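Some notes on the structure that comes next.
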Amino acid sequence: MGSEPGPFLIDHYNRRLSYLRISITDRCNLRCLYCIPRKGVPKLRHEDILTYEEILRIARIAVGLGVEKIRLTGGEPLLRKGIYSFLPQLASLPGLKDVSLTTNGVYLKGNLENIKSSGIRRINVSLDTLHREKYERITGQDRFEAVWEGIETARAMGFHPIKINVVTVKGLNDDEILDFARLSLDHPYYIRFIEYMPLGMGNPVIPLTHVSTDHIKEQLKEIGSLTPVTSGRFDGPAERFRFKGAAGEIGFISPLSHHFCATCNRLRLTASGSLRPCLLSDIEEDLKGPLRDGASDMELADIFKKAADMKPPSHYLASTGSIPPSGHMSAIGG
Ligand code: SAM
């Protein structure tokens, strides 16, 4: 029998792990060229993916260990059947303070009522270009209009904040940095530039090179100066700014150039039921096996503590500059 579930998960470097990202499916309708190889990746078998009941149990245990914020991701979370019955159950877990969703936005528009009625207001939409043809080139699907309509409808329905995640890759979309940033002037969107991370992509379709946050900040001077915005409790690692008088914000997530490992408060639950203490490391602890073998809540809580104990002080790329991990974002949960 394990120890009593403690009030908090605190790792060896005194980081309190209060944020769980849950990948509810490894399936995605898109093939973003920096994320999944065009031919796809082997899919998990249906029975290897955690059921909603299992996810809810794990989430409840996590909340008992001080997790306050959960983000659903994937794969594409809106692809998974039954998600709209699951969302309100998750959002109403006692003690959970924030539930949010990261989506590619393709299926957003028709499902916003369901998302809203579950109590979720914070959504992140991944969108790397404002041009239809380029969107198809990046994702393999001609769905730019659907995504944009989803974003606009979400805004009209009062979702806030709507964060637009832009993974910037040299020669692919770095010519759109100013256009994305200008969107924040008269739209209440939070545009977040994310440095591309070289994660297990094998042979990508095009050479993939990240664009550093410093380089983007330099470009943005053409629009005006950026004033820092104080981060809220549930904001995560983005550095936040605003142009004077702007309706929206600009954020930077810089896992390569200014990694935020020292303050990383995250654990990830993969679609196949493992806990990963670091996105950029292959270390993981299996939860699904023990759970299906009848482990008690306390035993499962101990697995959380074990995963916290294994959280590295900083990620591979920060410490060695190389050795990308083997998993794909779609399975780990980006
Ligand atoms: N399907 C959902 C979506 O598109 O937002 C959720 C999953 S997706 C893997 C989550 C986020 O990871 C997206 O914003 C995506 O752009 C980002 N991402 C994927 N691969 C990445 C990489 N190699 N470097 C940086 N971000 C990446």
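The table for this structure:
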read-out	value
Selection status of PHE241, at negative phi and free of Cβ contacts under 8 Å to residues at least 60 places away in the same chain	yes
Subset of segment 225-256 [exposed (fewer than 14 other Cβ atoms within 10 Å of the Cβ) and assigned to a loop (DSSP other than H, G, I, E, B)]	SER225, THR230, SER231, GLY232, ARG233, LYS244, GLY245, ALA247
Looking only at segment 306-315, and only at residues there that are crowded, with 19+ Cβ neighbours inside 10 Å and touching a residue at least 60 places away in the same chain (Cβ under 8 Å), the one that is farthest from PHE8 (Cα to Cα)	HIS315
Residue satisfying all of: in segment 87-116; touching a residue at least 40 places away in the same chain (Cβ under 8 Å) and over 19 Å from GLY150 (Cβ atoms); farthest from the ligand (Cβ to nearest atom) among these	LYS97
Those residues of segment 145-158 which are among the hydrophobic types (A, V, I, L, M, F, W, C), surrounded by 21 or more Cβ atoms within 10 Å (Cβ to Cβ) and closer than 10 Å to LEU112 by Cβ, in sequence order	ALA154
Selection within segment 109-131 - closer than 24 Å to ILE250 by Cβ and more than 17 Å from the chain's Cα centre (by Cα)	THR129, LEU130, HIS131
Complete set of residues in segment 242-288 that are of a type in the set (Asp, Glu) and within 16 Å of the ligand (Cβ to nearest atom)	ASP282
Residues located in segment 29-57, provided they are at pLDDT 95 or above and in contact with a Leu (Cβ under 9 Å, 6 or more places away or on another chain)	ASN29, LEU50, TYR52, GLU54, ILE55, LEU56, ARG57
Pair list, Cβ under 6 Å, 6 or more apart: segment 134-159 residue of a type outside the set (Asp, Glu), other residue surrounded by fewer than 16 Cβ atoms within 10 Å (Cβ to Cβ)	PHE144/ARG132
Residues being of a type in the set (Val, Ile, Thr) and either modelled with pLDDT of 95 or more or within 13 Å of the ligand (Cβ to nearest atom) (or both) - total across segment 289-334	2
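The values are calculated or read from the model by the stated rules, or taken from the named source; none is laboratory data. Here the structure is a predicted model, which means the values were calculated and not measured. Because the Cβ atoms are built from the backbone with ideal geometry, glycine has one as well, and the counts that use them run over all protein chains shown.
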